[in-house]
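The values are calculated or read from the model by the stated rules, or taken from the named source; none is laboratory data. Predicted model only: the values in this text are computed from it and were never measured. No Cβ is skipped: glycine too gets one built from the backbone with ideal geometry, and neighbour counts run over all protein chains shown. Protein only, heavy atoms only, side chains kept; ligands, DNA and RNA dropped before computing areas. Shrake-Rupley method; radii C 1.70, N 1.55, O 1.52, S 1.80 Å.
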Amino acid sequence: MKWSVVIPAFNEATRLPPYLDQIFEYFEGGAEPYEVLVVNDASTDATGAMLRAVSARQPALRVLSHDVNHGKGGAVRAGMLAAKGDLRLFTDADGATPIAELKRLEPAFAAGADVVIGSRAVRDPAVSVHSRPHRAVAGRVFHWVVAGVGLHGIADTQCGFKAFTAAATRRLFGPLETAGFGFDVELLLRARAAGLRIVEVAVNWTDQAGSKVGVLTTGPTMILEILRARWRVGR
């Protein structure tokens with residue numbers, strides 16, 4: 001199959017169903033087989049029951065369930081390595097980036113890219129980004145830290161809309177160790193170290209309520225994660 005869409009989910013019984021419907025509608029219009037793989041990362045709400053109900057009517061949905069929470073990085077890693085598509089996208093359960101933005105990523109793969117990442121920072125008059133002010137400021141600070149560990153030239157490492165070829169997936173996600181929200185930086189550091197071609201593409205993005213990433217609660221942990229990732233990749 002051409003595309004696998006991987007979604008990590010922890011307590012997403014409310015936000016995930018509309019996004020799943022959007023994804024199915026997008027792909028059902030085409031003739032190519034596809035899959036949607038949701039990693040239920042030990043949710044304690046009704047996420048599991050919701051996924052069972054959806055899978056009963058949608059054969060394209062696969063569910064990978066964790067009994068113990070692995071963190072976002074661990075959930076994405078498990079899903080990407082279990083996926084079967086020639087191209088594999090991971091995207092956030094809140095649907096901040098519409099699945100139709102996938103069409104903006106595909107030309108880069110046709111031109112030879114190994115990794116294509118959605119970006120909220122690349123300027124493009126055809127897209128719009130809606131973010132709360134404090135998150136925009138935090139993003140600029142985080143970008144400064146990321147540049148300091150060697151990821152110059154990438155404007156947005158944290159947008160949860162990234163796609164990889166199957167070969168790049170195996171090469172990057174196999175050794176991935178960061179289990180928390182800073183895993184994107186380790187992936188991109190490994191891609192740079194491996195000489196893979198990374199292309200950043202502007203995408204539409206709208207900040208959603210209910211984010212599990214807090215500027216003050218998870219920010220310090222993420223910075224520690226990327227410093228450790230820089231040491232591992234450099235080693």
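Report the FRET efficiency, 1/(1 + (r/R0)^6), for Ala111 and Asp86, where r is their Cβ-Cβ distance and R0 is 22 Å, rounded to 0.05.
Working: r = 16 Å, r/R0 = 0.71.
E(calc), rounded to 0.05, equals 0.90.
One decimal place: the segment Ser128-Leu227 gains 32.5 nm when fully extended, by the rule 0.36 nm per residue minus the C-alpha distance. Which of rounded, prolate, oblate describes segment 77-120, given a ≥ b ≥ c as roots of the alpha-carbon gyration tensor eigenvalues and a/c under 1.5 marking rounded, otherwise prolate only if a/b is larger than b/c? Oblate shape, in that a/c is at least 1.5 and b/c is the bigger or equal ratio.
Starting from the residue with the highest accessible area, list Tyr26, Tyr19 in decreasing order, probe 1.4 Å.
Numbers: Tyr26 75, Tyr19 5 Å².
Most to least solvent-accessible, the answer reads Tyr26, Tyr19.
For segment 113-124, backbone phi angles converted through the Karplus equation (6.51, -1.76, 1.60; θ = phi - 60°) give residue-by-residue couplings of 6, 9, 9, 10, 10, x, 9, 9, 10, 5, 6, 7 Hz, Gly and Pro being listed as x. Charging the Cβ of each Asp and Glu at -1 and of each Lys and Arg at +1, and nothing else, the dipole of the chain about its Cα centre rounds to 700 debye. Couplings for segment 192-206, taken from phi via the Karplus curve 6.51 cos²θ - 1.76 cosθ + 1.60 with θ = phi - 60°, read 5, 5, 7, x, 6, 8, 10, 10, 9, 10, 5, 9, 5, 8, 10 Hz in order; Gly and Pro are left as x. Estimated at the nearest 10 Å², the accessible area of Ile99 is 0 Å² with a 1.4 Å probe. Just want to confirm a number: the relative contact order over the chain, from Cα pairs under 8 angstrom separated by 6+ residues, in percent. Answer for the chain is 24 percent. Considering the options Ile117, His152, Pro8, tell which one lies farthest towards the positive end of the dipole of the chain, charges being +1 on Lys and Arg and -1 on Asp and Glu at the Cβ, about the Cα centre. Value computed over the given set: His152. Candidates (1) 7, 28, 32, 23, 9, 1; (2) 7, 30, 37, 21, 4, 0; (3) 7, 34, 40, 17, 1; which is the computed P(r) over Cα pairs in 10 Å bins from 0, in percent? Computed from the coordinates, P(r) over Cα pairs in 10 Å bins from 0, in percent corresponds to (3).
Modelled this way, with points 7 Å down the Cα-to-C-beta line, the labels at Val63 and His152 are 4.8 nm from one another. When every Cα-Cα distance of segment 1-130 is counted in 10 angstrom steps from zero, the calculated P(r) takes the values 12, 44, 34, 10, 0 percent.
Grab the Cα-Cα distance for Ser55 and Ala42, subtract it from 0.36 nm times how many residues apart they are, and report the gain in nm with one decimal. Intermediate results must be reported in sequence, preceding the final value.
Working: separation 13, 0.36 × 13 = 4.68 nm, distance 1.77 nm.
My answer for the length gained is 2.9 nm.
Ranking request for peptides 224-234, 153-163: highest mean number of other beta-carbon atoms within 10 Å first, then the rest in descending order.
Working: 224-234: 16.8, 153-163: 21.7.
My ranking of the peptides, most packed first, is 153-163, 224-234.
Amide H contacts of Lys162 (H built 1.01 Å from N, in plane; Pro and chain starts excluded): Phe90, Gly118 sit under 5 Å, all sequence-distant by 5 or more or on other chains. Accessible area per residue for the chain is 46 Å², calculated with a 1.4 Å probe on protein heavy atoms, without ligands, DNA or RNA. Under the combined filter of DSSP loop state and at most 15 neighbouring Cβ atoms within 10 Å, segment 78-134 retains these trypsin sites (Lys or Arg not before Pro): Lys84, Arg123. For a quick check, take a GNM of the chain with Cα springs below 10 Å and name the residue from Ser43, Ser65, Ser55 with the largest mean-square fluctuation. Greatest mean-square fluctuation among the candidates belongs to Ser55. Converting phi to 3J(HN,Hα) with the Karplus coefficients 6.51, -1.76 and 1.60 and the offset θ = phi - 60°, segment 164-177 yields 9, 5, 4, 5, 5, 4, 5, 6, 9, 7, x, x, 4, 10 Hz in sequence order, with x at every glycine or proline. Using a probe of 1.4 Å, the accessible surface attributed to Phe109 totals some 30 Å² when neighbouring protein chains are kept in position. For the set Glu186, Glu28, solvent exposure ranked by accessible area (probe 1.4 Å, protein chains only) runs largest to smallest as Glu28, Glu186. Using a Gaussian network model of the chain in which every pair of alpha carbons under 10 angstrom is joined by a spring, one finds that among Val201, Val38, Val68 the greatest mean-square fluctuation is at Val68.
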